[in-house]
1. Do you know which of the residues in the range 1-23 that are among the aliphatic types (A, V, I, L, M) and assigned to a helix (DSSP H, G or I) is nearest to His53 (Cα to Cα)?
2. If I ask for residues that are without any contact (Cβ under 8 Å) to a residue 12 or more places away in the chain and among the β-branched types (Val, Ile, Thr), which ones from the range 35-55 would you list?
3. Go through (1) of a type in the set (D, E, K, R); (2) in contact with a Leu (Cβ under 9 Å, 6 or more places away or on another chain); (3) assigned to a helix (DSSP H, G or I); (4) surrounded by fewer than 17 Cβ atoms within 10 Å (Cβ to Cβ) for Glu89 and report which single condition fails.
4. Among the residues of the range 50-58, is any within 22 Å of Lys100 (Cβ to Cβ), touching a helix residue (DSSP H, G or I) at 6+ places or on another chain (Cβ under 8 Å), modelled with pLDDT under 95 and small (Gly, Ala, Ser)?
5. Go through (1) at positive phi; (2) part of a helix (DSSP H, G or I); (3) of a type outside the set (D, E, K, R) for Gly61 and report which single condition fails.
6. Give me the pairs, please: first residue somewhere in the range 7-23 and aliphatic (A, V, I, L, M), second residue anywhere and part of a helix (DSSP H, G or I), beta-carbon distance under 6 Å, and either six or more positions apart or on two chains.
Amino acid sequence: MKNMMKEAPEVAQSFFDLAKSAREYSPLGMKTNELIILGIFAAHRGLRGINTHVERAMEEGATKEEIIAAILLALPIVGITDTNLALDEAMIHIDAYMQKQEQTEGAVS
């Protein structure tokens, strides 16, 4: 998205507006939306999207187990290779998010 935002900012903004409209339309909570989006990214090998939406899901209160479950639900549809790819990527960002939270909590104490 960095390149799109730099080279075609109006297109990037249109994309963000579309995504915002879809979120606002959804009667589901933000955490549920983020978990669904993670499953979709798992099915489409969207590794960049996985890192963004792992963080967003966790900010909305999703647990590590919920994120893993959302990705594993893709297994019968997309197969073991794509599911493992998504899970490996998610774990990197889950661990990073949790470490950042621990450091923040340690700094506050």
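1. First, pick out the residues of the range 1-23 that are among the aliphatic types (A, V, I, L, M): 1, 4-5, 8, 11-12, 18-19, 22.
Applying the additional criterion that residues be assigned to a helix (DSSP H, G or I) yields 4-5, 11-12, 18-19, 22.
Values: Met4: 19, Met5: 19, Val11: 21, Ala12: 18, Leu18: 17, Ala19: 13, Ala22: 15 Å.
Checking each candidate, the answer is Ala19.
2. Hits for the range 35-55 are Ile40, Thr52.
3. So the condition that Glu89 fails would be (4).
4. No, that holds for no residue.
5. Going through (1) at positive phi; (2) part of a helix (DSSP H, G or I); (3) of a type outside the set (D, E, K, R) one by one, Gly61 breaks only (2).
6. Ala12/Met4; Ala12/Met5
The values are calculated or read from the model by the stated rules, or taken from the named source; none is laboratory data. As the structure is a computational prediction, the values presented were derived from the model and not from experiment. Positions of Cβ are backbone-derived with ideal geometry, glycine not excepted, and every protein chain shown enters the neighbour counts.
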